[in-house]
Amino acid sequence: MPLHGQISAWDDTIKIKEVVISGNKFISDPSGYKKTTIDSSVLFNYSSGNLSDMLSENTDIFIKSYGMGGTATPAFRGTGASHTLIDWNGIDINSPMLGQSDLSLIPVGLIDDISIYFGGASIPLNSGGIGGTINLETKPVWKRETLISMNTGMGSFGRYTGLLKVRTGNYRFQTVTKVFFQNSENNFRYLNTEISADPVWQTRTNNQVRQKGFMQEFYFRKEKNIGSVRIWYQSADRNLPASILSQQPNSGENQLDESLRTMLTYDILKGESNISLTGAWIFSRLNYFNNLASIDSRNMSEILTLKAGLQKPIGENTKLKIVLDEKSSLIRSNNYNHNESNNTATLTASVERNRGRFGTMVLLRELFNNHSILIPDFSAGLQYRLFTGKNYFIKANISRNSKIPSMNDMFWEPGGNPDLKNEYALIYEISYEMNQKISDPFNLKYDMAVFRYSIKDMIQWHPGEYSYWTADNIKTVNSTGLESSVSLDYILNNLNAALNAGYSFTKAVAGGPKIENDGSVGKQLMYIPENQFNVSFRIGFGSFYTSWMADFTGKRYITVDNSKYLPGYFINNFKTGVRLPVKSSYIDLNFNVDNLFNKNYQSIAFYPLPGRSYFIKILVQIIK
Amino acid sequence: MKTYIKLILFFSLAISCTKNPIFNPGKYTLGGGVFILNEGNFRAGNGSLSFYSYDSSKIYNDLFYSVNGRPLGDVPNSMIIREEKAYIVVNNSGKIEVIDNSTLESKATISGLVSPRNLAIVNNSKAYVSSLYSDSVTIIDIFSNSITGYINLRRSSEAIIIAGNKAYISNWMGGKEIMVINTLNNQVVDSIEVGNEPESMVLDKNGRLWVLCNGGWIRENFAKLVEINIGTDQVQQEYQFPTIQASPSCLRIDSFGQTLYYLDNGVRKMDINLGKLPPTVLIPESGAFYKIAVNPANGDIFISDAGDYTQKGYVLLYKNDGTFVSKERADIIPASMCFKLRY
C-alpha cells in the first residue's frame, strides 16, 4: 500500500511492516523465470496517471500511443499488442474482441501492486501472454485502522484528476473504496511540419477525454482462509483526433469504453496445502462513432472466468500445483453477422522443486477451445543460486505458449476467419540476477536477460480475394533480444537515494517469404524499437523528494521493408514534492514537469505527443 | 579512408533523419512518362508520388517528398494534368495538392474536403470533386484554388465524366446510379440506374458512356458493364459477368475511344463493337493487379501490382498486344496513374 507513516516520502514498503497476505496462489514467482515488480515509489508518482505512461517511462515495454489519452497498446519483446496479457489478480482482462487492452484506460491509482512477468514467466498465470503478462493486483492490508486518501490534481491542457480512497477494517474484515475521475481537453500545441513547406503551430482538436470509475473491495479472513469480493467499474468517453496530415473537417470521431469487472475469490490454506477459487464476470462495451464516415460501431462483450487451483507439497521441497481454468465469452456486435461465443478451458499441472541452491519448475498445460483439443503448451525453468545465502542467480527457461485468436480475427465482418488456428511461440531465455548489499548504506540490484522467440502461425490481416482484407495464419516472427537493468539504493538516516537504469535491445524480424521478392523478410517489424534506455534518479531528504526520469526510445520503422522510420526520442520528466506529516497523517504537495525539454515527437507517425506540460497534485492522507 | 567516409555518411544520415536527399526531379519529368500515385496504407500517411520516365526507362519514387520536403498525404487517390498543373486528390487527408507538373513544386493546397476521390475539370474555371463519405460533389474554382460550392447528390460519389454541358457521376459505395448534372447551373437533372456499385466509367468515340459496376463486395449481385447513350441518357446495353465471384474494376479506354480495358483476373481488352465480354485475358494476373492505365500516345498498358499491400509494389509495362516490357519497383500500393505526354 502506498505511503504512510514514514519520513521519506517516496519509499515505503521497505520499512513498513504490514501484514500483507494477498492469498492468491494463482500468482506465483516460480524458479527460473524473470519477473519484476514496479517500485511503490513509481506507483505513487503515477497515482494520477495511467498504466501506459508509467510503463513507457519506467520499463522496457514499448508503448505504441496515439497521443495523450489516445489508445495505447504494449509491444513486449517484439511481440504484438495481443501477445501481452493484462491480468487483474491473475484474471485476464484483455478485450476478447480485440485480444488486447488499451493501457491508457487503466488508472495506476486504483492498483496496489504491478508485476511484470516476462516471456515464459507469464505461463503459470494464464495462457496466451507470449510477450509477457502485466498483473495488476488489488489487495488488503490487515490492520485495524481507517485510511482516507484524497488525491486531486490539475495541469496543462485542461487536465483535472481526482482519486478518493477509503480503507477501513480490522484483522478479519477489510473494505476498500476507490473513486476516480479524470478530465482532459488535451488541446496541446504542436509543430506541424507535414502539411506545408513552412512548419506551422497547430492546436490538437477533438482530443477530449472524460474518464470516471470506482473500485470496491471487500476482504474477509477466517483463520487462514481469505475471501474477497471486488467490483471495478469505469467508463471513458474520448474524442479521437485525426492524423496531422488530415485537412478534412472535424470527423466527430468518438469512442466510448465502459467496463464492469467483478471478482469473487476464496483461498483455503490447510497446512502446507491450499486451494484457490476465483470467479470473475467482466462486461465491456466499446462504441465507436465517426460522423464523417457514417460509422456507428457498437460492441459488447461478456466474459465469465472460473478458476480453481490446488497446491500441495509432494515430499520435501517439492510442490504440485493443478489449475483448472474455464473461460466463456459472448460478443454482441453490429460488426458480426451473429452473436458469437467462445469457450476455452485449460488444465495446467506444474511441479516446483527447490532444494539447496537449485530451483526448478516444470509445467504442462492442455487447452480445449470449443470442441478442439489443442497441442499442449509447456514450460520448464531452472534456477541456480551461485553462492549459498547470497542473492546471485542464474536462470533459464524454455516454453511453448499458445494464443487463441481474438473474436474480431475470427468473426469481424468482412474479413474475419473462423478457421484460424492458434498462434504459438517457442520461447528461450537465460538470465542473471543479483541483489546484494554492497556496503552499509548501499544496495545493488542487477539483472540481465537474453531471449529468443520463434512465433509461428501469427495472424495477419491481408488483402483477400475480393476488395476487403481478411485474417490468416501467415506470419512468422523471430525475436531476439537482451534486457538489462541496474539499480543502486542508498538509505541512511533521513536521506534516501536511488539510481535505476535499464536498457533493452530487441531484434524482431519477419520470417517468410510471403510473396515473390518479399522485401520484409529479415527486416525489423514495424513500430518495434531496437533500442530502449531509461534512467531515473530519485532522492528524498526529510520531507522533500525529487525525481528525474529520462527515457530514450530508438528509431521505429514505419514500413515493412524498413525504408522509412520515425526518429528516436529522448524524453525527460521531473517531479518534486514535499510531504508534511501531521501525526500519522500527512499532506503531500507534488509538482511534475513532463517532457522537460519540450521535445516534439511521435510514437505513431503523424500523431503528435505533447510538448512540455505541468501538473500539480495534492494528496491528503488521514489515518485513524 | 573508407571508415572515415562511412562515419561522415553515418552522421549526415543521423542529422537528416527521415529526410531523403533533395534532388531536382525536373530533369526526369521533362520527358514523357507516367505519374504513379502510391496510396500507401490507410491512416499511415505514407502515400507518395512516383514517375516512370520513357526517356530513361526508369522509375523515380517519393518525388513529392523530395521536392516539397513533406509527405504527400494519406491515400492519394487520383491525379489529372491540366496544362502545366497537376491536381492530386489525397483522399484521407481531405485535400487536393496542386503542383507544377514539371518541377513538382506544390503551388496550392485545397483543404477542407470530405474524403475526396476524383477531380474532373468542367471548364476553364471550375472542377468537380467526388466524395466517398459526403452526400455532395464539391465545386472548385481552379483559378483561386478554393471551394466555391457543393452539389448535393444525397449519395456518395466516385467517377466523374464530363460530356458537353453534362457531368456523369457514379454512386459507387453501396449505390447503383449514375447522377447527371447540368454543368451550367450545377443542378442534378437526371439519374440513370445501372448495376450495383458503379466503380469506373469511360466515354467512347460514339458518345457512349461505359460504366463498370463491380457488383459490391459481398458478392450478392453480378458485376455488369453498362453502355449508356448520352444523347438520351438511356441504358443502351448491359453485359453481365458470367459468375457472381467476378469482381472487375478499373475500366479504361484508349485515346481513339475504340478499345476498352479493365481488370478481371488479369487485363482484358474489348472493342466497343464486340457485343460481348471478352472471354480471355490479354495479360494474365501475376501478383496483385490493382490499377491499369493505357498510354494515349502509343497504347502501352501500365499495370500496378500492389504485392502484399504492405511493402513496395511494382509497376509493370506491357505493349498494347500484351508483350511484357519491364517491371519497376514503385512504392506502397501503387495505384492510379496519370500520363505526362511529351509536348
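The values are calculated or read from the model by the stated rules, or taken from the named source; none is laboratory data. Just so we're clear, the structure is a prediction, and the values are computed from it rather than from any experiment. Note: ideal-geometry Cβ built from the backbone for every residue, glycine included; neighbour counts use all protein chains shown.
Pairing each residue of segment A:437-466 that is without any contact (Cβ under 8 Å) to a residue 12 or more places away in the chain with any residue that is buried (at least 16 other Cβ atoms within 10 Å of the Cβ) and of a type in the set (Val, Ile, Thr), provided the two are 6+ apart or on different chains, yields C-beta distances under 9 Å for A:463/A:470. Considering only segment A:385-401, I want to know if a residue exists there that is basic (Lys, Arg) and within 14 Å of chain B (Cβ to nearest Cβ). No, segment A:385-401 contains no residue that is basic (Lys, Arg) and within 14 Å of chain B (Cβ to nearest Cβ). Inside segment B:239-254, can you point out the residues that are within 14 Å of another protein chain (Cβ to nearest Cβ) and assigned to a loop (DSSP other than H, G, I, E, B)? Scanning segment B:239-254 gives B:241, B:243, B:244, B:245, B:246, B:247, B:248.
Rundown of residues vs (1) over 25 Å from residue B:70 (Cα atoms); (2) touching a strand residue (DSSP E or B) at 6+ places or on another chain (Cβ under 7 Å); (3) part of a strand (DSSP E or B), yes/no style:
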position	(1), (2), (3)
A:508	yes, yes, yes
A:513	yes, yes, no
A:535	yes, yes, yes
A:539	yes, yes, yes
A:573	yes, yes, yes
A:608	no, yes, yes
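Taken residue by residue, segment B:267-282 has at least one member that is buried (at least 21 other Cβ atoms within 10 Å of the Cβ), at pLDDT 95 or above and not basic (Lys, Arg).
Taken together, the residues in segment A:512-543 that are under 30 Å from residue A:582 (Cα atoms) and under 27 Å from the mean Cα position of the chain (by Cα) amount to 4. Output the residues belonging to segment A:126-148 that are closer than 26 Å to residue A:220 by Cβ and either touching a helix residue (DSSP H, G or I) at 6+ places or on another chain (Cβ under 8 Å) or surrounded by fewer than 24 Cβ atoms within 10 Å (Cβ to Cβ) (or both). Answer for segment A:126-148, where residues must be closer than 26 Å to residue A:220 by Cβ and either touching a helix residue (DSSP H, G or I) at 6+ places or on another chain (Cβ under 8 Å) or surrounded by fewer than 24 Cβ atoms within 10 Å (Cβ to Cβ) (or both): A:136, A:137, A:138, A:139, A:141, A:142, A:143, A:144, A:145, A:146, A:147, A:148.
Of the residues making up segment B:288-307, those that are buried (at least 23 other Cβ atoms within 10 Å of the Cβ) and within 14 Å of chain A (Cβ to nearest Cβ) are B:291, B:304, B:306, B:307.
Residues that are β-branched (Val, Ile, Thr), within 14 Å of chain B (Cβ to nearest Cβ) and either on the phi > 0 side of the Ramachandran plot or assigned to a strand (DSSP E or B) (or both) are absent from segment A:436-458. The residue list A:561, A:551 contains one member that is under 30 Å from residue B:40 (Cβ atoms), touching a Gly at 6+ places or on another chain (Cβ under 9 Å) and charged (D, E, K, R), which is A:561.
Pairs please, first residue from segment A:388-413 and at positive phi, second anywhere and surrounded by fewer than 16 Cβ atoms within 10 Å (Cβ to Cβ) and at pLDDT 95 or above, Cβ atoms under 9 Å, 6+ apart in sequence or on different chains. Between residues of segment A:388-413 that are at positive phi and residues that are surrounded by fewer than 16 Cβ atoms within 10 Å (Cβ to Cβ) and at pLDDT 95 or above, there is no close pair.
Taking segment A:256-305, which residues are within 14 Å of chain B (Cβ to nearest Cβ) and of a type in the set (Val, Ile, Thr)? Within segment A:256-305, just A:295 meets the criteria. The strands (runs of 3 or more DSSP E) falling completely within segment A:288-380 that include 3 or more residues that are under 30 Å from residue B:174 (Cβ atoms) and of a type in the set (S, T, N, Q) map to A:295-313.
When you look at residue A:257, is it under 23 Å from the mean Cα position of the chain (by Cα), more than 24 Å from residue B:115 (Cβ to Cβ) and among the charged types (D, E, K, R), yes or no? Yes; evaluated as a whole, the condition is true for this residue. For beta carbons closer than 6 Å, sequence separation of 6+ or different chains, a first residue in segment A:544-569 that is assigned to a strand (DSSP E or B) and a second that is of a type in the set (Gly, Ala, Ser), the qualifying pairs are A:545/A:9; A:545/A:577; A:549/A:536; A:553/A:568; A:566/A:605. When A:268, A:295 are checked against the criterion of being among the aliphatic types (A, V, I, L, M) and free of Cβ contacts under 8 Å to residues at least 12 places away in the same chain, a single residue qualifies: A:295. Taken as a whole, the structure leaves residue A:461 outside the set of residues that are under 23 Å from residue A:79 (Cα atoms), surrounded by fewer than 17 Cβ atoms within 10 Å (Cβ to Cβ), out of contact with any Lys or Arg (no Cβ under 6 Å at 6 or more places or on another chain) and within 14 Å of chain B (Cβ to nearest Cβ). Of all residues in segment A:532-553, none satisfies being within 14 Å of chain B (Cβ to nearest Cβ) and aromatic (Phe, Trp, Tyr). Being over 15 Å from residue A:78 (Cα atoms) and within 14 Å of chain B (Cβ to nearest Cβ) is the filter here, so list the residues in segment A:480-527 that pass it. Hits for segment A:480-527 are A:512, A:513, A:514, A:515, A:516, A:517, A:518, A:519, A:520, A:521. Look at residue A:475 and say whether it is part of a strand (DSSP E or B), within 14 Å of chain B (Cβ to nearest Cβ) and of a type in the set (D, E, K, R). It is true that residue A:475 is part of a strand (DSSP E or B), within 14 Å of chain B (Cβ to nearest Cβ) and of a type in the set (D, E, K, R). Looking across segment B:308-325 at every residue that is farther than 15 Å from residue B:36 by Cα and within 14 Å of chain A (Cβ to nearest Cβ), the one that is surrounded by the fewest Cβ atoms within 10 Å (Cβ to Cβ) is identified as B:309. If you go through segment B:146-174 and pick out every residue that is touching a strand residue (DSSP E or B) at 6+ places or on another chain (Cβ under 7 Å) and assigned to a loop (DSSP other than H, G, I, E, B), you end up with 8.
Listed here are the residues, each with its yes/no results for (1) free of Cβ contacts under 8 Å to residues at least 60 places away in the same chain; (2) of a type in the set (Phe, Trp, Tyr); (3) closer than 16 Å to residue A:176 by Cα.
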residue: A:105; (1), (2), (3): no, no, no
residue: A:112; (1), (2), (3): no, no, yes
residue: A:115; (1), (2), (3): no, no, no
residue: A:121; (1), (2), (3): no, no, no
residue: A:126; (1), (2), (3): no, no, no
residue: A:133; (1), (2), (3): yes, no, no
residue: A:139; (1), (2), (3): no, no, yes
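The set of residues in segment B:190-238 being in a strand (DSSP E or B), within 21 Å of residue B:259 (Cα to Cα) and either polar (S, T, N, Q) or over 24 Å from the mean Cα position of the chain (by Cα) (or both) consists of B:200, B:229, B:235, B:236, B:237, B:238. Scanning segment A:184-211 for residues that are surrounded by 16 or more Cβ atoms within 10 Å (Cβ to Cβ) and in a strand (DSSP E or B) yields a total of 5.
Among residues belonging to segment A:219-252 that are crowded, with 16+ Cβ neighbours inside 10 Å and basic (Lys, Arg), point out the one that is farthest from the chain's Cα centre (by Cα). Residue satisfying both the conditions and the ranking: A:221. From the residues in segment A:309-328 that are of a type outside the set (S, T, N, Q) and farther than 30 Å from residue A:358 by Cβ, which one is farthest from the chain's Cα centre (by Cα)? Only one residue fits best here, namely A:326. Of everything listed in (1) within 22 Å of residue B:276 (Cβ to Cβ); (2) more than 14 Å from every other protein chain (Cβ to nearest Cβ); (3) in a loop (DSSP other than H, G, I, E, B), the single unmet condition for residue B:185 is (1).
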